[in-house]
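Let me begin by presenting the structure, written as structure tokens, before commenting on it.
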Amino acid sequence: MSRVLIVEDEPQIRRFVRLALHGEGCEVTETGTLREGLALAGDTRPDLVILDLGLPDGDGLDFIRAWRAWSEAPLLVLSARGLEADKVAALDAGADDYLSKPFGVAELLARARALLRRRGAGEGAARPLREFGRVAVDLARREVRVDGQAVHLTPIEYRLLTLFLSHPGRVLTHRQLLREVWGPGHGNSGHTLRVYVGRLRHLLEQDPTQPQHVLTEIGVGYRFESEAAPT
Amino acid sequence: MHNRFPKRVASLARRGVPGYFLAVAACAAVALPVRLLAPWLAPANIVMLFLLAVFLVALYLGRRPAMLAAFLSVAVFDFFFVQPHFSFAVVDAQYLVTFSVMLAVALITGQFAARLGQQAEEALERESHTRALYEMARELAGAVSVAQVAETTQQFLEAGLGATASLLLPDANDKLHAVAEGQAVSQDFSLPRRAYQRGEPVEVLGFSGRGVITLYLPLLTPMRARGVLEITAEAGLLHQERALLDTVASLAAIAVERLHYAEVARAVEMRMAAERLRHSVLASLSHDLRTPLTALVGLADTLLLDVDPATHRETAQALREQAMALTRMVNNLLDLARLSAGGVVLRREWQPLEEVAGAAIKLLGTALDGHPVTVRLPTDLPLLEFDAVLLERVIGNLLDNAAKYAPAASPILLEAHLAQGQVEVSVCDEGPGFPQGLELLEPFVRGAAESSQPGIGLGLAICKAIVEAHGGRLELANPPEGGARARFTLPLGSPPAIDEEMP
């Protein structure tokens, strides 16, 4: 059974998040303040933290940094739409994903499951074959096939793809992707990253203008979904 | 504007050496032919011809050349035509009387003729002044900005008097500024301020040369001084034309005052329009926000009272839809508030349009309500510089509109074209088109007032604000082939180079 800590000052939101996670069979602890949240995090050692960025007694970023100092467990941030810069800051500080308010139970559970599963399975588990949509990737042979046809990817395109594959369902910020694929010192090459993601989509997506797997999180980064969302 | 005072130039030339030279020439012109015809002419008629020459000289060249001509005529008559010839000696004493009378008549007619000529010339000069003033007054009456008033006044004084002039007007703090930058002679405004505050002219020796003065004339109107006219020119000229300058100043004053009151009237009108808008905003907001709220309360109560679990699911679904509709409204309200507060800093980055289009479609999700969206972008579309979050709102709102008003399941087309330094992005649907005669791009104007479609008439207003902040334009049209088309432009720039991989 997974332990989840909710740090959110609005009791009604806490309530429905708790009910939803209970339904998933999680053990839920909750609090409305940052200070108590950190104390509880130390006591209960949760497998997932759900954190509201706008808490009355402090900056959510402080919580993330303090938490990351001693735990690797995933952290999901709740934030209002339009505060993209806050989300990016939280993700760069070590948060794993975010949800924009208002959000539905279905979205919440999908994110929570993805984060908990990652922990369970262990990232980059030794599964050399990955499949999504009409794409099959053989990580051991560095081969990519679309509808059974081998497709040539440049080294950067391939590195980008493997990075997405190893973080399914998670949002990766522009900065994280640039650092991982191009290395440090490419902080201002956001446009290059976007062009490469576009090329990847043209190679792998059915309709690159309406991608199903390499999704854009506007103002934040990208998210890879291995299963196409029903539209 | 030039040649407004042609006579002035002529009269200056007349007083110079050429006048005397011409007077001598006139006498010579009479003397030569008369000398040849002398055997057939009576001395009395020769005198008459000389008098005619003096008269003409007086009329066209003025008093002094006429006097010269008078004396010269008598001398020439004596020298060439009176016995003994080629000598000033006179045999017949009768000629002394002829000389005296001739001289007297020449001088007197010369005087009269010169005065006549001068008066005619002054009349012409006055007329040209009046015409120039009239033209300036007409231009001032049609001026729609103080800059135009300043320009007209400057050009008039420049062409007329060779003077440099500039218009100094008070700002909101009653501090004087030159209308055109860098036009004022002095950077120290204490002298014009004195003229402005006391309402009387101030004169100072010019900075730019000897004999040059600067005159500050207050622009007086019945209520108060409206500014100061600064004129720099030759001192003598300024004093001579003082009445003209006063007229110019008062014409400029009237023009400035007229513009002031036009501005006041426009401000009042805008305040009234803002007031009307506030009323309509409140009315429409209270209706459009209360409707989904009422539905939310009612649906929640239904859940409480309804004992049949079979209908719970349906009610909960309706509850969710209402809440999401309310969310979109609140988002739009907040967006517009942020945009119109002017506090939005665009986070412009170079990026492909394709990405933001895909994100907008994805975000709308179920709100697209089964309308298939086709995205058609040119393959050579370069990167564009825009704020992705805001542009996603634009595309999202346009798609949302199309989905709301077009018939169920009809296709929506999102396409882009390259055109003359910009990209045109259009969203086309197969709906009934935009209603005519409505300012749909204004906030709180809805195509279908109080319709069953939820909304508060902000979507397009937000799109317009965002597109214009990016230096583009948003247009709505109903193309002849049917449906509605919302099209916005974005400027093309020079995108940065891509860090390509080493092969």
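The values are calculated or read from the model by the stated rules, or taken from the named source; none is laboratory data. Being a predicted model, the structure only gives us computed values, none of them experimental. With ideal geometry, Cβ positions are generated from the backbone for all residues, glycine too; neighbour counts draw on all protein chains shown. To get the accessible areas, we keep the full protein, side chains included, count just its heavy atoms, and leave off ligands, DNA and RNA. Shrake-Rupley method; radii C 1.70, N 1.55, O 1.52, S 1.80 Å.
In segment A:149-196, which residues are more than 13 Å from chain B (Cβ to nearest Cβ), part of a helix (DSSP H, G or I) and of a type in the set (S, T, N, Q)? Correct list: A:Thr162, A:Gln176. Of the candidates B:Ala310, B:Ala323, B:Ala295, the single residue that is within 14 Å of another protein chain (Cβ to nearest Cβ) and over 16 Å from B:Leu458 (Cα atoms) is B:Ala323. In segment B:266-321, which residues are modelled with pLDDT under 80 and open to solvent by 100 Å² or more (accessible area, probe 1.4 Å)? Within segment B:266-321, B:Arg276, B:Arg278, B:His279, B:Val307 qualify. For segment A:41-64, the candidate set comprises residues that are of a type in the set (Asp, Glu) and touching a strand residue (DSSP E or B) at 6+ places or on another chain (Cβ under 9 Å); within that set, the residue that is nearest to A:Ala93 (Cα to Cα) is A:Asp52. Taken as a whole, the structure places A:Glu157 among residues that are in contact with a helix residue (DSSP H, G or I) (Cβ under 7 Å, 6 or more places away or on another chain), at pLDDT 85 or above and either crowded, with 18+ Cβ neighbours inside 10 Å or over 29 Å from A:Ile6 (Cα atoms) (or both). Only residues that are surrounded by fewer than 17 Cβ atoms within 10 Å (Cβ to Cβ) and part of a helix (DSSP H, G or I) were counted in segment B:152-173, giving 3. Scan segment B:174-205 for residues that are open to solvent by 20 Å² or more (accessible area, probe 1.4 Å) and at pLDDT below 80 and jot them down. Answer for segment B:174-205, where residues must be open to solvent by 20 Å² or more (accessible area, probe 1.4 Å) and at pLDDT below 80: B:Val179, B:Ala180, B:Glu181, B:Gly182, B:Gln183, B:Val185, B:Gln187, B:Asp188, B:Phe189, B:Leu205.
Take the residues of segment A:197-211 that are surrounded by fewer than 23 Cβ atoms within 10 Å (Cβ to Cβ) and not in a helix (DSSP H, G or I): which is nearest to the other protein chains (Cβ to nearest Cβ)? Within segment A:197-211, the match that is nearest to the other protein chains (Cβ to nearest Cβ) is A:Thr209.
Residue check: is B:Ala93 farther than 18 Å from B:Phe21 by Cα and in the same structural domain as B:Ala113 (by TED's automatic domain parsing)? Taking the combined requirement at face value, the residue satisfies it.
A single entry from B:Gly471, B:Gly459, B:Gly437 fulfils the requirement of being open to solvent by less than 40 Å² (accessible area, probe 1.4 Å) and at pLDDT below 90: B:Gly459.
Against the test of being out of contact with any Lys or Arg (no Cβ under 8 Å at 6 or more places or on another chain), of a type in the set (Gly, Ala, Ser) and either open to solvent by 60 Å² or more (accessible area, probe 1.4 Å) or not in a loop (DSSP other than H, G, I, E, B) (or both), the options B:Ala132, B:Ala120 yield a single qualifying residue, B:Ala120.
What do you reckon, is B:Leu289 touching a residue at least 24 places away in the same chain (Cβ under 8 Å), assigned to a helix (DSSP H, G or I) and within 48 Å of the chain's Cα centre (by Cα)? For B:Leu289, the condition - touching a residue at least 24 places away in the same chain (Cβ under 8 Å), assigned to a helix (DSSP H, G or I) and within 48 Å of the chain's Cα centre (by Cα) - is met.
Across segment A:212-224, what is the number of residues that are part of a loop (DSSP other than H, G, I, E, B), open to solvent by 20 Å² or more (accessible area, probe 1.4 Å) and either more than 7 Å from every other protein chain (Cβ to nearest Cβ) or in contact with a Cys (Cβ under 8 Å, 6 or more places away or on another chain) (or both)? Qualifying residue count, segment A:212-224: 1.
Scanning segment A:18-41 for residues that are assigned to a loop (DSSP other than H, G, I, E, B) and open to solvent by 60 Å² or more (accessible area, probe 1.4 Å) returns a single hit, A:Glu24.
Against the definition (open to solvent by less than 30 Å² (accessible area, probe 1.4 Å), within 14 Å of another protein chain (Cβ to nearest Cβ) and either among the hydroxyl-bearing types (Ser, Thr, Tyr) or closer than 30 Å to B:Glu392 by Cα (or both)), how does A:Ser79 come out, yes or no? Yes: the conditions hold for A:Ser79.
Residues of segment B:337-350 that are in contact with a Pro (Cβ under 9 Å, 6 or more places away or on another chain) and surrounded by 19 or more Cβ atoms within 10 Å (Cβ to Cβ): B:Trp350 alone. Considering segment B:364-420, the qualifying strands (runs of 3 or more DSSP E), each wholly inside and each with 1 or more residues that are of a type in the set (A, V, I, L, M) and open to solvent by 10 Å² or more (accessible area, probe 1.4 Å), run over B:373-376, B:412-419. Per the conditions (1) within 37 Å of the chain's Cα centre (by Cα); (2) within 11 Å of chain A (Cβ to nearest Cβ); (3) closer than 20 Å to B:Gly396 by Cβ, the sole criterion not satisfied by B:Pro352 is (1).
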